[in-house]
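Data first, discussion second: the structure below is written as C-alpha cells.
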Amino acid sequence: MKRSINNLAILGGTSAFNEPLYVGRPNIGNRERLFERLNDMLDRRWLSNNGPYVQQFEQQIAKMIGVKHCIALCNATVALEIVARAAGVTGEVIIPSFTFIATAHALQWQQITPVFCDVDPQTHNIDPQRIEAMITPRTTAIIGVHVWGQPCDVVALADIAQRHGLRLIYDAAHAFGCAHQGTMIGNFGDAEVFSFHATKFFNTFEGGAIVTNDDELASKIRLMQNFGFVNYDRVDYIGINGKMSEVSAAMGLTGLESIQEFIAVNYRNYQQYQCALSGIPGLRFITHDQAEKRNYQYIVIEIEQAITGISRDQLMKTLWAENVIARRYFYPGCHRMEPYRSYFPHAGLLLPETEALSQRTLQLPTGTAVSEQDISTICEIVQLSIANGAQIEQGRSG
Ligand code: T4K
C-alpha cells in the first residue's frame, strides 16, 4: 500500500513490486493444446512453407474478420513492406509520425519516402483534414494507423484516396479483433496489416498478416512472401521470405481458442483503471467506444503537467522506481528518429499535435499477467504522484 508520499520508492521508500510489471507481457493460451499441436507438427515433419497450420490459421482469421483473403506472415513490418510493393506504392506515402517506427521503416527500407502528417489529439489517429496539403505529384498512397485499436476516420480517408487516385493501406497492428460501425477492421482500404508480435494481446511469438478483399493484390502478396515463386522453377516477381512458420501458426491457432478470454481480461482491467483514474484533474484516460468491438490491449493516459504539477516523464520515472515499467509510446515521434530527423530536420513544425501528444502519453501494464491487486497498486501510485506532483518534481517528500 502506498498511502503517503514518503512510501514512494523514488523518494526512498521500498518498490511496490519485487518483479518488473511490463507493458506487453504476452498472453499465453492453453499450453496442452499448443504442445499437442507441436507434437503433431513434428510427427508430420512439415515446419514451414504454407503448412497445414498456416492454412488453418489463415482460414480462421479470414472467417473471423469476414474478409476474402488472409496471408499469414513472419511479422507486421515485413507485411507492410510486401503490401506496399504488391500495391505498386512508390515515391512518397503519407503516414502519421505518431506510430511505431516500423510503419516508417517499412517504407524507407524500400526507398519510399514517408511523409509525416499530424494527428487528431482526441483520437491520436492521422488527421484527414491535414492530408491533402501534403499530397505531391510523387504521392502514391496513404497508410493510416489504427492507434491503440481505435479505427481511423476510414470514410474521410477513403474519400481522399479515391479523389487523388491513391492507394489506401492500414497499419492495423493494434486493431486485431476491433470493428468500426460493426465491420471488422481488416475490411477497409486496399489492405490491412495485423501484428501478432509477442507483445500484442494475441500473439504467434512473432507474426503478422495481410488481409484484403482484392483478389489480384492477394495473389501478388502470396507469391511475393515466398520469393516470387509461382512453382518450383518459375519466379514472377521480386519476392522475399515473409512466410509464417508452423510453430507460429500453432501458437496462433491455440491463441484463437482463448481470444475472447484475453479480451475479457483486458476489458476488466480497462474498467478498473478507468474507474480509479477518471476524474483526476490533468489526467486524461483514453476511452474506447464500448458499443464497438475492441481489444482493450493498451491502457493509455495523458498527463497535463500544467494541471498535475508532475510531468509525464517524472511520473514514468516514479512508476519505474516502483518496478512498474510504464511506456511512452510513441515518443519522440518517428520524425525525431533517424534517418528521418536528418532527412527532414524541420518536420516538427508541421506536427504540433504529434509533438505535444508524444510529451504527454503513457501506457500502463495490462493483459493476463497483471492482477486486480497489481492494478489497484499501480493506480494508487499514479494518484499519489499526481496529488503530490510538484513535490515529486522537486525530489522532496514534503
Ligand atoms: N505498426 C505498429 C503501429 C506497431 O505498433 C508495430 C509493433 C508494428 C507496426 C510492427 O509489428 P511487428 O513487426 O513487431 O509485428 C514493442 C513491440 O516489439 C512491437 O511489436 C510493437 N509494435 C511496439 C508497440 O511495442 P518495444 O519497443 O516495446 O520492445 P519489446 O518488444 O522488446 O518489448 C516490450 C516489453 O514487453 C519488454 O520490456 C518486456 C515485455 N516482453 C516482451 C517480449 C518480446 C515480454 O514480457 N515478453 C516478450 O516475449 O516494442
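The values are calculated or read from the model by the stated rules, or taken from the named source; none is laboratory data. These numbers were taken from a predicted model, which means no experiment stands behind them. Here the Cβ is made from the backbone with ideal geometry for all residues, glycine too, and neighbour counts use every protein chain on show.
Brief remarks follow.
- Considering the conditions (1) in contact with a helix residue (DSSP H, G or I) (Cβ under 6 Å, 6 or more places away or on another chain); (2) among the hydrophobic types (A, V, I, L, M, F, W, C); (3) within 13 Å of the ligand (Cβ to nearest atom), Cys70 is excluded by exactly one of them, (3).
- Yes/no for His164 being more than 18 Å from the chain's Cα centre (by Cα), more than 21 Å from Ile210 (Cβ to Cβ) and either at pLDDT 95 or above or more than 16 Å from the ligand (Cβ to nearest atom) (or both): yes
- Elements of the type helices (runs of 4 or more DSSP H) sitting completely within the stretch 332-398 and holding at least 2 residues that are under 15 Å from Ser97 (Cα atoms): these cover 340-343, 352-360.
- Selection status of Glu19, within 15 Å of the ligand (Cβ to nearest atom), among the acidic types (Asp, Glu) and not in a helix (DSSP H, G or I): yes
- Of residues in the stretch 169-197 being away from the ligand (no atom under 15 Å from the Cβ) and hydrophobic (A, V, I, L, M, F, W, C), the one farthest from Ala84 (Cα to Cα): Ala179
- Scanning the stretch 292-308 finds one or more residues that are out of contact with any Cys (no Cβ under 6 Å at 6 or more places or on another chain), assigned to a helix (DSSP H, G or I), more than 15 Å from the ligand (Cβ to nearest atom) and touching a residue at least 40 places away in the same chain (Cβ under 8 Å).
- Filtered residues of the stretch 150-179 (kept if surrounded by 21 or more Cβ atoms within 10 Å (Cβ to Cβ) and of a type in the set (S, T, N, Q)): Gln150
- Condition met for Asn39 (in a loop (DSSP other than H, G, I, E, B), surrounded by fewer than 16 Cβ atoms within 10 Å (Cβ to Cβ) and over 18 Å from the mean Cα position of the chain (by Cα)): no
- Residue check for Arg45: more than 16 Å from the ligand (Cβ to nearest atom) and either over 21 Å from Cys117 (Cα atoms) or buried (at least 18 other Cβ atoms within 10 Å of the Cβ) (or both): yes
- Filtering the stretch 78-99 to residues that are farther than 24 Å from Asp214 by Cα and either more than 14 Å from the ligand (Cβ to nearest atom) or out of contact with any His (no Cβ under 9 Å at 6 or more places or on another chain) (or both) leaves only Thr99.
- Single match in Ile94, Ile82 (criterion: in contact with a helix residue (DSSP H, G or I) (Cβ under 7 Å, 6 or more places away or on another chain) and part of a helix (DSSP H, G or I)): Ile82
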